[in-house]
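See structure below.
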Amino acid sequence: MKIWVSKNSEVSIVDQLVEQISLGIASHDLKVAEKLPSTRELARRFGIHQNTAIAAYRRLAETGLVEFKKGSGVYVAVAKRPHAASHGLGSIVDRFVSESAAAGYSLADMIEHLRSRVDANPRKFLLVESDVELRKILLAEIEAATNATIEGISLEDFSASLADSEAHVTAFTQRRKIRKLCAPGKCIALRPNSVPASLSRHSRPSDHDLIAIVSDWDKFRKMAKLFLIAASIDPDTIVIRTPRFSDWKSGLDHASLIICDSLTAKHFPDEDRVRIFPLISDDSLTELRSAILSLPRI
C-alpha cells in the first residue's frame, strides 16, 4: 500500500499516517500479520523525525490495529474474537432464562414469547450504524447495489432480541461490538473501499484546478481532504461544501472536479465533473448480494 505525507498541511503528519494506515487495514490493502515499514524507514522516506512515526504506530497499537513484536517490527494485528462465555448467544439466553424465572415466568411462557417474537419479526437485513449521516450514505450504496430495502438502526437501539432473530449488516467501525451480540453467521461486516484503488481510477487534476469536496458526512469531508493534501494537492485549491446548508452550491461552478459520496452524487445528475467515492468495497457488496438472494421469500 502506498502512503502519502504532506508537510505543508494543517493536518499533522501523525494524523495523516494514522488515518491512511487505519483505512488500509480496514479495506484489506494491508493484510493481517503484514509487516509495516519500520519507523526508521518511514522517517527516511518522508524526511520526518523518527519519533513522529513512533507516535503514529503507538496510536494505532492503542486501538488494536497494529502490534509491536520485539526485535522484529510492527505488524497488522490479528483481530481478537470475544469470549463466548461472556459475550456469546449462550450467555444471553442464560440471562434471559434466569431473569424471566426470577420474575415468575415458566419455561413454557418463555418459549411461547420467543416464538411469537420470531414469527412477528420475519428475517431481514439491518444496517447497524450510529452515525446518522454515514448510515444514510451506506443505505444508499446498499440499496443501489442490491435493489433491496435495508432498514437502518443505531447501535444503541440494537437489542439482544434483534441480534438473535435478524440477519444484519454493520459498517466496519462497529462490527466488533455487533459480533458480540450475534449468533455465528448472522453478521456481515462491511469493509471500506480502498482509497488508493479508487484514486488510481481517475486522472490527477492540474496544479491550479479548483477541487470541491461535497458531503453531509463530516468524516468524508475530512478524509477526502486529507488524502488530497497527502497526494500533494495544494490546500488552497480545495473547497468544502455541506449540502444541508442553504448556500452549499456557492462557488461550485468554478470547480474542475467535485468529489462526493454516493448519496450526495444524486444532487449532480449527468455531471461530468463529479467523482464518486463509494464507501463500501465491491467485495462486500458482492457478499451482501449473495446473502440477500439466499433469504427465504416472505
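Tally Lys and Arg at +1 and Asp and Glu at -1 over the other residues with C-beta under 12 Å from the C-beta of THR39: what net charge comes out? Before the final figure, lay out each step's value.
Numbers: positive: ARG40, ARG44, ARG45, ARG58; negative: GLU41.
Value of the local net charge: +3.
To the nearest 0.05, what FRET efficiency results for ASN147 and ASP283 with a Förster distance of 25 Å applied to their C-beta separation?
0.85
Taking the Cβ of each residue in SER262, SER246, SER159 as the centre, tally the other Cβ atoms inside 10 Å and list the residues starting with the fewest. Numbers along the way, then the final one.
On the way: SER262 21, SER246 7, SER159 11.
Arranged by neighbour count, lowest to highest, SER262, SER246, SER159 become SER246, SER159, SER262.
Roughly what angle does helix 107-120 make with the longest principal axis of the chain, taking Cα atoms, 0 to 90 degrees, to the nearest 10?
50
Students often get this wrong, so try it: which of (1) 1.01; (2) 0.98; (3) 1.04 is Rg/Rh (Cα atoms, Kirkwood Rh) as calculated from the structure shown?
Label of the calculated value: (3).
Rounded to the nearest 500, what is the chain's calculated 222 nm mean residue ellipticity when only DSSP H runs of at least 4 contribute -39500 (n - 2.57) each, over all residues?
Working: 12 runs with 124 residues, N = 298.
Here the helix-only value at 222 nm equals -12500 deg cm²/dmol.
With a 10 Å Cβ neighbour count serving as the proxy for reagent exposure, in which order, fewest first, do TYR75, TYR105 appear? Could you put the intermediate results ahead of the total?
Numbers: TYR75 17, TYR105 14.
By the 10 Å Cβ count, ascending, the order reads TYR105, TYR75.
Check the straight Cα-Cα distances from LYS31 and name the lysines below 28 Å, setting aside those fewer than 8 residues away within the same chain.
List returned: LYS2, LYS7, LYS69, LYS70, LYS80, LYS177, LYS180, LYS186, LYS219, LYS222, LYS225.
Taking the Cα atoms only, what angle lies between the long axis of helix 13-26 and the longest principal axis of the chain, rounded to 10 degrees?
It works out to around 50 degrees.
When the chain is fully extended, how far beyond the present Cα-Cα distance does SER159 get from LYS35, taking 0.36 nm per residue of separation?
On the way: separation 124, 0.36 × 124 = 44.64 nm, distance 3.81 nm.
Length gained, SER159 through LYS35: 40.8 nm.
Taking the Cβ-Cβ separation of SER12 and ARG95 as r and a Förster radius of 45 Å, what is the calculated FRET efficiency to the nearest 0.05? It would help to have the intermediate numbers written out before the result.
Values: r = 45 Å, r/R0 = 0.99.
About 0.50, to the nearest 0.05.
Nearest 10 degrees, 0 to 90: what angle lies between the long axis of helix 282-293 and the longest principal axis of the chain (Cα atoms)?
Once rounded, one gets 20 degrees.
Each reported figure results from applying straightforward, stated rules to the coordinates on display, with no laboratory input. Everything quoted here is computed from the prediction, not taken from an experiment. Positions of Cβ are generated from backbone atoms using ideal geometry, with glycine treated the same way; all protein chains shown enter the neighbour counts.
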